[in-house]
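S.K.: One structure, as structure tokens, below. Some questions next.
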Amino acid sequence: MNTPALYLADPNKLEKVLELLQGLVLTAETQRKIRDVFESEMELGLAKNPPVASSLQMENTFLPELCDGSEEGDYLSLDLGGTNFRVIWLSIKSGAVINEEVQYYQVPEDVRLGPGVKLFDFLAECIHNFMDGRQLKGQNLPLGFTFSFPMTQRGLDVGILVSWTKSFNCSGVVGEDAVKMLNDAIHRRGDTDVDVIAVLNDTTGTLVQGAFVDRKCAIGLILGTGSNACYIERADRIEKWEGKDKGVEEVVIDVEWGAFGDNGVLDFIKTEYDKEVDRNSLLVGSFTFEKHFGGKYLGEIVRCVLVRLTKEGLLFQGNASEHLLRHGAFTTRYVSMIEEDNVNGVDVNTTTALKELELSFNQEDIDIVKYICWLVSDRAAILVSICTASLLERMNRPETTVAIDGSLFKHHPRLKSFMEKYIAAMAPANKFKLMLAEDGSGKGAGLIAAIASRLKKLQAKAN
């Protein structure tokens, strides 16, 4: 693996460049401090009456177990997280998916911005049409609902909307239970025999999807546009969970680590570039942690560094193109492309990217840009690894598989290998494996419906 060292003809220029990049280097001491802060925030997030509020929500998903191989039957999942949503049918036999069908739908703008009842009526209509076209009517189908908006869970099938994000702003839903609203809409129709029995976000879905493939899976990560994690926690450590069932020994906790540091506890790692990215973002002061490495921001961090170096006369002969000065012009795709050059010891992708940005450049410019993309990617891997290693040591299992979904993990050529190296060094006693687990928000929701059905049957027997 090539870790580029930067060589420039002029030692004074090299010194100035490295000085401006110094803040992006996380020393061993800084890494320890990040980990201490993360662990302290986790404890505060699980506490009943914390002395200060944590930036980690540590949401209880009320999911007490994962797939065990006994899942059987037909299940639906509905994945709502943007303008396009999906309805999926899974047929499971002896713990294996034997049939799967997916249909995509678009939520019209007037529905996304209208009354909430209209949105859920629209979703119920799409579920009905999906079943109608597949001869699924007449059988009672449990449904898992991936609702990718900020919510507070009060049960496996109770999700209270905290706020709308993305392009949605339906009235009468904030503070309400999205599961109840969807169930009410389905039952209002009277022609669709479906029960929504579980609500989740894409992170929990990724963990469930991962555990379906590999029983050792106990952490789910999203490394895409944004980032989040969930893991299996001991019930006796969740002080704030009142009224927990006696028999429940563990439960999946949704960390919501994208917002880690929103209360200022990570200010010590913010560089001038991170502050600029935050200032130019849609929600200033929010999602602090993911703004240091999320796919939505990684390219923008690099752009801010390039602009600063250019203004100092250290890049592109001091001439920034209009393209480079445009917010969002240097995408995370460019970072992945240039990192591929670093892996292969070539300049072809870097040259393409700089030409697309209409920049005049020489070989030293190419070398500096490649070095910056490595440095920002390396910092991203370290930050994610610190928190992942902390979760591994907290759970302290003999072996753990980490299920990961998201475009950043999938397309960055060496984020995975960087993470493997750092996590192994940070949690040396804990054996682990990183695994790509795609479509947790779709398939994962159907699998959670299967788990919830199994738990309901067991509960009925016990009563």
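Values in this text are rule-based calculations from the coordinates and carry no lab data. Quantities reported herein were computed from a predicted structural model and do not represent experimental measurements. Heads up, the Cβs are rebuilt from the backbone with ideal geometry, glycines too, and the neighbour counts pull from every protein chain shown.
S.K.: Within the range 302-343, what residues put their amide N at less than 13 Å from the label point 7 Å along the Cα-to-Cβ vector of GLU272?
M.R.: 304-314
S.K.: Based on the Cβ-Cβ distance of ARG188 and ASP245, what FRET efficiency does E = 1/(1 + (r/R0)^6) give at R0 = 35 Å, to the nearest 0.05?
M.R.: 0.65
S.K.: Work out how much length LYS311 to ASP236 would gain on full extension: take 0.36 nm times their residue separation and subtract the Cα-Cα distance, in nm to one decimal.
M.R.: 21.5 nm
S.K.: Going by alpha carbons, how many degrees (0 to 90, nearest 10) lie between the helix axis of 116-132 and the longest principal axis of the chain?
M.R.: Value to nearest ten degrees: 70.
S.K.: Please list the radius of gyration and Dmax for the chain, considering alpha-carbon atoms only, with Å as the unit.
M.R.: Using the Cα atoms of the chain, the pair Rg, Dmax is 23.6, 79 Å.
S.K.: Measuring from centroid to centroid over Cα atoms, what is the spacing of the range 342-368 and the range 71-118 in Å?
M.R.: A separation of 43 Å, based on Cα centres.
S.K.: Right, here's the next one. Hey, how many Å between the Cα centroid of the range 179-242 and the Cα centroid of the range 430-463?
M.R.: Each part's Cα centre sits 8 Å from the other's.
S.K.: Compute the angle between helix 202-213 and the longest alpha-carbon principal axis of the chain, please, reported from 0 to 90 degrees and rounded to the nearest 10.
M.R.: Tilt relative to the chain: about 80 degrees.
S.K.: Treat each spin label as a single point 7 Å out from the Cα along the C-beta direction, and report the ASN84 to GLU109 distance in nm.
M.R.: 1.9 nm
S.K.: Can I ask one more? What distance in nm separates the two pseudo spin-label positions at LEU325 and VAL284, each 7 Å out from Cα along the beta-carbon direction?
M.R.: 2.1 nm
S.K.: Ranked highest first by the average count of other Cβ atoms within 10 Å around their residues, in what order do 258-271, 356-369 fall?
M.R.: Peptide ranking by packing, descending: 258-271, 356-369.
S.K.: Which percentage, to the nearest 5, of the DSSP beta bridges contained in the chain is antiparallel?
M.R.: Just about 60 percent of them are antiparallel.
S.K.: Hey, another quick one. Give the angle, between 0 and 90 degrees and rounded to the nearest 10, that separates the Cα long axis of helix 363-395 from the longest principal axis of the Cα atoms of the chain.
M.R.: 40 degrees
S.K.: Sticking with this structure for a sec: Let a ≥ b ≥ c be the square roots of the eigenvalues of the Cα gyration tensor of the range 204-261; is it rounded (a/c under 1.5), or, if not, prolate (a/b larger than b/c) or oblate?
M.R.: Verdict is oblate for the range 204-261.
S.K.: Nearest 20 debye, what's the magnitude of the dipole of the range 1-74 about its Cα centre given +1 on Lys and Arg Cβ and -1 on Asp and Glu Cβ?
M.R.: In debye, rounded to 20, the range 1-74 gives about 740.
S.K.: Here's something else I'd like to know. Compute the FRET efficiency between VAL158 and ALA96 as 1/(1 + (r/R0)^6), taking r as their Cβ-Cβ distance and R0 = 22 Å, and round to the nearest 0.05.
M.R.: 0.15
S.K.: I've got another one for you. Can you give the FRET efficiency to the nearest 0.05 for LYS216 and LYS48, using r as the Cβ-Cβ distance and R₀ = 35 Å?
M.R.: With a Förster radius of 35 Å, E is 0.65.
S.K.: Using per-residue counts of other Cβ atoms within 10 Å, averaged over each peptide, order 42-50, 384-392, 279-287 from highest down.
M.R.: Descending packing order for the listed peptides: 384-392, 42-50, 279-287.
S.K.: Quick check: from the Cα gyration tensor, does the range 308-437 come out rounded (a/c under 1.5), prolate or oblate?
M.R.: prolate
S.K.: OK, next. Quick one: putting +1 on the C-beta of Lys and Arg, -1 on the C-beta of Asp and Glu, what dipole do you get for the range 46-110 around its Cα centre, in Debye to the nearest 20?
M.R.: My answer is approximately 300 debye.
S.K.: At 7 Å along Cα-to-Cβ for each site, give me the label-to-label distance between SER417 and LYS180 in nm.
M.R.: 5.3 nm
S.K.: Among PHE62, CYS373, SER390, pick out the residue whose Cα is farthest towards the positive end of the charge dipole of the chain, where Lys and Arg carry +1 and Asp and Glu carry -1 on C-beta, about the Cα centre.
M.R.: Selected residue: PHE62.
S.K.: Rounded to the nearest 500 deg cm²/dmol, what is the calculated helix-only ellipticity per residue at 222 nm for the chain, with -39500 (n - 2.57) per DSSP H run of length n ≥ 4?
M.R.: Estimated from H runs of four or more residues: -13000 deg cm²/dmol.
S.K.: Here's something else I'd like to know. About its Cα centre, how strong a charge dipole does the chain have in debye, to the nearest 20, once Lys and Arg get +1 and Asp and Glu get -1 at the Cβ?
M.R.: My answer is approximately 460 debye.
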